[in-house]
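This report refers to the structure that appears directly beneath it.
The values are calculated or read from the model by the stated rules, or taken from the named source; none is laboratory data. Remember, predicted model here, so these are calculated numbers, not experimental data. Methodologically, a virtual Cβ is constructed for each residue, glycine included, from the backbone with ideal geometry; neighbour enumeration extends over all protein chains shown. The accessibility values were calculated without ligands, DNA or RNA, using every heavy atom of the protein model including side chains. Shrake-Rupley method; radii C 1.70, N 1.55, O 1.52, S 1.80 Å.
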Number of protein chains: 2
Amino acid sequence: MTDTSRRPGPRIVEVALAAGVSKSTVSRVLNGGEQVSDRTRQAVHLAIERLGYSPNHAARTLAGSKANAIALVVSEQGSRVLADPFFAGVLRGVHTELTGRRIQLLVMMSQPDDNHDMVAYLSGGHVDGALVLSLHGGDPLPQILSARGLPVVVGGRPLLVGNVPFVDADNFTGALQATRHLVSLGRKRIATIAGPQDMTVGIDRLSGWRRGVGEAQRPADLVVHSDFTPDSGASAMEELLSRAPDLDAVFVAADIMALGALRVLRAGGRKVPEDVAVVGFDDSVLASTAVPPLTTVRQEVEALGRTMTWRLLAELAGEEGLPPSVLLPTAMVFRDSA
Amino acid sequence: MTDTSRRPGPRIVEVALAAGVSKSTVSRVLNGGEQVSDRTRQAVHLAIERLGYSPNHAARTLAGSKANAIALVVSEQGSRVLADPFFAGVLRGVHTELTGRRIQLLVMMSQPDDNHDMVAYLSGGHVDGALVLSLHGGDPLPQILSARGLPVVVGGRPLLVGNVPFVDADNFTGALQATRHLVSLGRKRIATIAGPQDMTVGIDRLSGWRRGVGEAQRPADLVVHSDFTPDSGASAMEELLSRAPDLDAVFVAADIMALGALRVLRAGGRKVPEDVAVVGFDDSVLASTAVPPLTTVRQEVEALGRTMTWRLLAELAGEEGLPPSVLLPTAMVFRDSA
DNA sequence: GCGGATTCTGGGAGCGCTCCCAGACGGGCA
DNA sequence: TGCCCGTCTGGGAGCGCTCCCAGAATCCGC
């Protein structure tokens with residue numbers, strides 16, 4: 001339909017002509033830009049500006065040895081509940097880190113079952129690297145891609161460690177901080193509603209709590225596992241209450257579960273924080289609107305995206321001495337619930 | 001660093017050789033696939049399968065007349081609060097609609113101020129079309145792109161109508177339904193906390209409420225404008241309460257504002273829904289976890305993404321008689337607050 | 001049985017770039 | 001002055017596809 005007789009915009013030769021140089025030189029300026037005299041470089045830049053030239057991505061990719069694109073892979077299933085605000089934040093971070101560079105961001109969603117096509121695509125040279133948001137840590141995708149020679153950075157500590165670099169919030173320390181806070185409040189019976197133990201985010205936050213109660217000589221028996229939904233948080237709270245009616249604090253491994261827990265506490269006539277102090281995790285939008293507003297542990301989702309991207313690009317650039325993995329600091333946010 | 005001496009995987013000629021045909025024929029099968037005998041087609045498909053061939057995107061784009069890619073443009077600013085879950089849902093819908101087709105999805109974020117580069121990029125033939133998520137309806141970006149010949153579909157009704165097709169939830173009807181529900185409950189003094197009036201989502205939801213109170217012969221004076229944050233919802237509720245202490249119902253134009261309103265009502269000793277019935281909008285995750293759980297209007301965010309994509313692809317395919325724009329139905333979700 | 005229409009196939013010229021190679025130019029040193 | 005070497009530049013061969021054109025194969029009716 002739209003037969004604009006070939007794509008619009010000037011070609012590299014037009015720029016070369018305008019600048020009075022060859023297209024090789026323009027190309028040189030566009031890329032590394034070494035071995036070009038300042039006068040020439042400026043002339044080229046001027047011509048580019050004047051003509052509004054924007055290099056053809058497909059041609060660069062075809063001719064060059066890199067794809068000038070990276071992929072952000074999100075798992076379809078994981079993206080249901082937890083991932084929503086999480087994902088948007090990560091994406092923003094990724095994008096921030098990418099601006100200025102001429103690198104395309106491809107977003108893909110991995111099906112739980114059949115990733116055959118995606119693996120073929122990604123390892124087929126269409127992208128230079130991949131960012132994998134691995135919410136359910138057991139996903140073999142990062143390993144597969146990495147084994148095929150594609151640079152990969154995982155967001156969230158993977159369950160199978162392997163040698164794929166990852167970036168994650170420091171869930172362990174965050175949970176530890178939260179528990180220490182409860183201890184410092186003088187709480188004696190500190191429970192936890194833990195996340196699923198097949199996800200490192202669940203595992204690490206539980207470990208942090210264990211360490212926290214351990215170092216304060218408190219019993220570490222009040223653990224109920226749950227699955228990152230408000231309802232499961234509610235039933236976990238019920239179970240805790242029936243097991244230990246004397247509990248006076250709960251560390252809940254995710255704000256969204258904390259909402260369910262708060263509901264049960266309220267229904268049971270326990271005052272928060274007077275009778276039971278509650279600390280959540282994530283500092284999602286839910287936390288500030290909860291009743292009462294939730295004291296929680298903040299993780300910088302956007303920084304996660306930025307750091308993942310930085311790590312990947314650094315690797316692509318061939319930088320040496322990169323950290324295999326990065327843990328991002330977390331910080332307590334004090335509100336009313338503890 | 002990773003000098004894999006050219007990209008891995010077979011080329012189209014390998015496939016042609018394996019199938020005993022020419023590369024032209026393989027190309028034909030890959031694309032439209034008309035004018036190819038069934039026997040040949042099957043042989044080619046077999047060869048593709050056997051070799052695990054995946055066509056080189058850059059080469060197709062360079063040689064062909066289309067880019068085989070579409071862009072999803074999100075505004076950086078809008079993506080802060082409102083957009084988070086919204087965006088993930090839309091993206092999922094877009095992706096769903098794209099699977100199977102060999103079309104890349106590029107995600108870009110538009111800076112509020114400088115979109116110069118992005119416009120150049122998008123209208124430079126790098127993508128075949130664009131999906132623009134326009135949360136702040138006044139954005140001229142869709143018009144600009146469209147004027148430059150790029151097919152565009154906007155998500156959310158734009159403020160400047162123009163001739164750019166859009167897909168939106170039927171905010172008007174949704175608000176009308178909500179208001180009618182409050183009327184049917186026998187409420188007499190029905191207020192609204194409206195959204196910003198520089199966004200059509202705010203305008204349309206207010207219109208729906210006006211229509212609803214109007215057709216029930218109720219006064220339409222209890223309007224307070226707010227800005228889609230819990231705190232602004234709270235202060236709006238305070239204002240309403242002081243202006244009309246006898247109000248017995250509120251339609252809040254977004255769940256996130258309703259949370260603030262609920263807080264104020266609770267603090268003021270009003271029982272929800274007994275004293276004041278509250279209906280929200282969006283059916284976000286916030287609604288079900290609110291206290292009390294919020295009756296609200298559900299908009300199908302994923303369907304929005306799917307529909308936008310369908311509309312764009314249909315246009316790219318040159319289909320005739322496409323609807324200029326589409327309004328997606330909304331549905332009431334009844335919980336405890338009204 | 002033959003001409004022409006119809007269906008199918010192959011050849012090859014680009015698409016717009018990068019990157020290798022060779023050549024032009026100039027400056028320092030013996 | 002002559003030679004070498006380093007800096008800068010231009011030419012041109014691809015990258016892997018699509019798409020146009022021409023030619024081969026098949027079919028049909030008279």
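Given a 1.4 Å probe and the protein chains as shown, A:LYS188 ends up with an accessible area of around 130 Å². For the stretch A:130-212, treating each Cα as an identical point scatterer without solvent, what Debye log10 I(q)/I(0) comes out at q = 0.12, 0.19 1/Å? Here the Debye-derived log intensity ratios amount to -0.42, -0.78. Percent of C-alpha pairs per 20 Å bin in the protein assembly as shown, short distances first: 17, 44, 31, 8, 0. The distance between label points at B:ARG41 and B:LEU322 comes to 2.6 nm (points 7 Å beyond Cα on the Cα→Cβ vector).
Entry note, chain A: the mean residue ellipticity at 222 nm calculated from DSSP H runs of n ≥ 4, each adding -39500 (n - 2.57), is -13000 deg cm²/dmol after division by the residues and rounding to the nearest 500.
If you take the Cα centroid of the stretch B:160-209 and the Cα centroid of the stretch A:288-338, the two points sit 38 Å apart.
Projecting the Cα atoms of A:GLY195, A:LEU241, A:ALA63 onto the charge dipole of chain A (Cβ charges, centred on the Cα centre) puts A:ALA63 farthest toward the positive pole.
Computed about its Cα centre, the charge dipole of the protein assembly as shown is approximately 1040 debye, with only Lys, Arg, Asp and Glu carrying charge at their Cβ. Taken as entire DSSP H runs, the helices of chain B that both span 15 Å or more between Cα atoms along their own long axis and average 0.5 or more on the Kyte-Doolittle scale are B:255-267. How much net charge surrounds A:ASN171 when only other residues with a Cβ under 9 Å from its Cβ are counted (Lys, Arg +1; Asp, Glu -1)? Here the charged neighbours net out to -1.
Evaluated with a Cβ-only charge set (Lys, Arg +1; Asp, Glu -1), chain A carries a dipole of roughly 920 debye about its Cα centre, given to the nearest 20.
Projecting the Cα positions of B:LEU145, B:HIS45, B:GLY155 onto the charge dipole of chain B (unit charges on Cβ atoms of Lys, Arg, Asp and Glu, taken about the Cα centre) puts B:HIS45 furthest along the positive direction. Diagonalising the gyration tensor over the Cα atoms of the stretch A:12-55 and scaling each eigenvalue by 5 before taking the square root yields semi-axes of 14, 10, 9 Å, largest first. The residue among A:LEU185, A:VAL291, A:GLY214 whose Cα reaches farthest toward the positive pole of the charge dipole of the stretch A:171-299, with charges on the beta-carbon of Lys, Arg, Asp and Glu, is A:LEU185.
Computed over Cα pairs, the Kirkwood radius of chain A leads via Stokes-Einstein (1.002 mPa s, 20 °C) to a diffusion coefficient of 95 µm² per second. Only lysines eight or more places from A:LYS271 in sequence, or on another chain, were considered; those with a Cα closer than 25 Å are A:LYS188, B:LYS271. A Cβ-based charge dipole, computed about the Cα centre of the stretch B:12-55 with Lys and Arg at +1 and Asp and Glu at -1, lands at about 60 debye.
Counting only lysines at least 8 places from A:LYS23 when in the same chain, those with an alpha carbon closer than 23 Å to its own are A:LYS66. Distances between copies of A:GLU34, taken at a point 7 Å out from Cα along the Cα→Cβ vector and listed shortest first: 5.2 nm.
Distances between copies of B:GLY268, taken at a point 7 Å out from Cα along the Cα→Cβ vector and listed shortest first: 3.3 nm.
The share of accessible area on the stretch A:12-55 that comes from carbon and sulfur is 48 percent, using a 1.4 angstrom probe. Measuring with a 1.4 angstrom probe and ignoring ligands and nucleic acids, A:MET332 comes out at about 40 Å² accessible. Copy-to-copy spacing for B:ALA59, label 7 Å out on the Cα-to-C-beta vector, in nm, shortest first? Ordered by increasing distance: 1.8 nm. If R0 is taken as 41 Å, the Cβ-Cβ distance between B:SER184 and B:ASP117 corresponds to a FRET efficiency of 0.20. The GNM of chain A, with springs linking C-alpha atoms under 10 angstrom apart, assigns the highest mean-square fluctuation among A:LYS23, A:LYS271, A:LYS66 to A:LYS23.
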